[in-house]
Amino acid sequence: MPDDVPADRLLVTVAPTGAETTKADCPQLPTTIDELVRTAVECEAAGAAMIHVHIRDDQHAPTLDLGRLKETVAALKESTGLVVQLSTGGSVHDPLDRRLKVLDAEPDSCSLTMGTTNFGDDVFSNPWPFVCELYQLSQERGVVPEFELFDLGQVHALTRLLAKYGLPAGGKVHCDLVMGVPGGMNGTTDALVASVRDLPPEVTSWSATGIGRSTLPVALAALSKGGHLRVGMEDVLTLSRGVPVESNRQLVERAVELGRAAQRTPMTPGEARTLLGVA
Ligand code: KMH
Ligand code: ZN
């Protein structure tokens, strides 16, 4: 298999659920395993190649239950070819030890946030020793991390991490700029350009996502800088002012359309595996 992917390919990652929105506020949010699988199948058909997964319990509340995580990974793998990335960020209320255990569910990939961030009125806690432990565990287990960068300081922290512990499992370095979180960097072209400028040279690919109303400006900036896109109801719940998102598929379709305008072709899951170094 070739170990590179044509430069015009666009990785579209879908983040369909997240941990912040309630089912009561947004009944179309996929929270059960069946809903998640249906969403994943639709999003793959629309052009997504990777899925970033947060799971919910029977009451639709965020959970890191290991049995359910394993069941979810198996269900997604049975019904789709998507690269399955489990969130190790969880919700702001999840303890660090539970977040480390996510790797026991043996996903293809895991998110790995490079530092602590104010997160609205809450704190998304990622102390440096935790980041280092999670990273070393991902190397031992052969799980490919996606480094989540919420601010410019976290871009610098990625440089430190790679200098100290070397390359991830799979040998590629993929990161995602998460922009527009209240407490993190703002979702603007200027902030994206500054972040991309400072990415360490080991980075082989990057995507960006803009939260809420920064979705479109961030997507357009990412495409113009040659990056990839993450979209989904974890990050945005309206298509435009007052128009709710009805399904994750709509957001993937919009990302694919924007990509086509920039002469980018959505990547297949196989190409995404090559890009990310996922076996
Ligand atoms: N739910 C946020 C507190 C991740 O998935 O790794 C963290 C988050 C990042 O969504
Ligand atoms: Zn997430």
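Is there any pair linking a residue in segment 16-38 that is without any contact (Cβ under 8 Å) to a residue 40 or more places away in the chain to one that is more than 16 Å from ligand 2 (Cβ to nearest atom), with Cβ under 6 Å and at least six apart or on different chains, and which?
Lys23/His60; Thr31/Lys23; Thr31/His60
If the Cβ limit is 7 Å and pairs must be 6+ apart or interchain, which residue in segment 127-155 that is more than 12 Å from Thr88 (Cβ to Cβ) pairs with which residue that is part of a helix (DSSP H, G or I) and acidic (Asp, Glu)?
From residues that are more than 12 Å from Thr88 (Cβ to Cβ), the pairs are Leu152/Asp198; Val155/Asp198.
Going by the conditions given, is Val236 among the aliphatic types (A, V, I, L, M), touching a residue at least 12 places away in the same chain (Cβ under 8 Å) and within 16 Å of ligand 1 (Cβ to nearest atom)?
So Val236 passes the test.
If you check Leu258, Leu239, which single one turns out to be over 14 Å from the mean Cα position of the chain (by Cα) and assigned to a strand (DSSP E or B)? Show your work before the answer.
Details: Leu258 fails: assigned to a strand (DSSP E or B).
Checking each option against the conditions leaves just Leu239.
Among the residues of segment 104-123, write down those that are under 16 Å from the mean Cα position of the chain (by Cα) and either within 13 Å of ligand 1 (Cβ to nearest atom) or surrounded by fewer than 16 Cβ atoms within 10 Å (Cβ to Cβ) (or both). Steps first, please.
Taking segment 104-123 as the starting set, the residues that turn out to be under 16 Å from the mean Cα position of the chain (by Cα) are 107-115.
Selection gives Pro107, Ser109, Cys110, Ser111, Leu112, Thr113, Met114, Gly115.
Of Glu253, Glu234, Glu246, which residue is part of a helix (DSSP H, G or I) and acidic (Asp, Glu)?
Residue meeting the stated conditions: Glu253.
How do the pairs read when you match residues in segment 75-90 that are closer than 12 Å to Thr113 by Cα with residues anywhere that are basic (Lys, Arg) and within 15 Å of ligand 1 (Cβ to nearest atom), using Cβ under 6 Å and keeping only pairs 6 or more apart or on different chains?
Thr88/Arg99; Gly90/Arg99
Being over 19 Å from His52 (Cβ atoms), among the aliphatic types (A, V, I, L, M) and without any contact (Cβ under 8 Å) to a residue 12 or more places away in the chain narrows it down to one of Val196, Val243, so name that one.
Step by step, each of Val196, Val243 is checked, and only Val243 is over 19 Å from His52 (Cβ atoms), among the aliphatic types (A, V, I, L, M) and without any contact (Cβ under 8 Å) to a residue 12 or more places away in the chain.
Just to check your reading of the model, which residue among Thr80, Thr22, Thr31 is β-branched (Val, Ile, Thr) and closer than 21 Å to Leu275 by Cα?
On the way: Thr22 fails: closer than 21 Å to Leu275 by Cα; Thr31 fails: closer than 21 Å to Leu275 by Cα.
Step by step, each of Thr80, Thr22, Thr31 is checked, and only Thr80 is β-branched (Val, Ile, Thr) and closer than 21 Å to Leu275 by Cα.
Please work out which one of (1) in contact (Cβ under 8 Å) with a residue 24 or more places away in the chain; (2) more than 17 Å from Thr117 (Cα to Cα) is the condition Pro201 fails and give its number.
Here Pro201 meets the rest and fails (1).
I'd like to verify a number: residues in segment 97-154 that are of a type in the set (Gly, Ala, Ser), touching a strand residue (DSSP E or B) at 6+ places or on another chain (Cβ under 8 Å) and under 24 Å from Glu20 (Cα atoms), how many?
4
Could you pull out the residue among Glu44, Glu78 that is in contact with a Gly (Cβ under 9 Å, 6 or more places away or on another chain), charged (D, E, K, R) and away from ligand 1 (no atom under 14 Å from the Cβ)?
Glu44
Determine whether segment 267-275 contains at least one residue that is closer than 23 Å to His54 by Cα and assigned to a strand (DSSP E or B).
The answer is no, given that none of the residues of segment 267-275 is closer than 23 Å to His54 by Cα and assigned to a strand (DSSP E or B).
Go through (1) under 21 Å from Ala219 (Cα atoms); (2) among the charged types (D, E, K, R); (3) more than 19 Å from the chain's Cα centre (by Cα) for Glu78 and report which single condition fails.
So Glu78 meets the others, but not (1).
No value in this document is a laboratory result; all are computed from the given coordinates. Keep in mind the model is a prediction, meaning the values are calculated, not measured. As a convention, Cβ positions derive from the backbone with ideal geometry for all residues, glycine included, and neighbour counts pool all protein chains shown.
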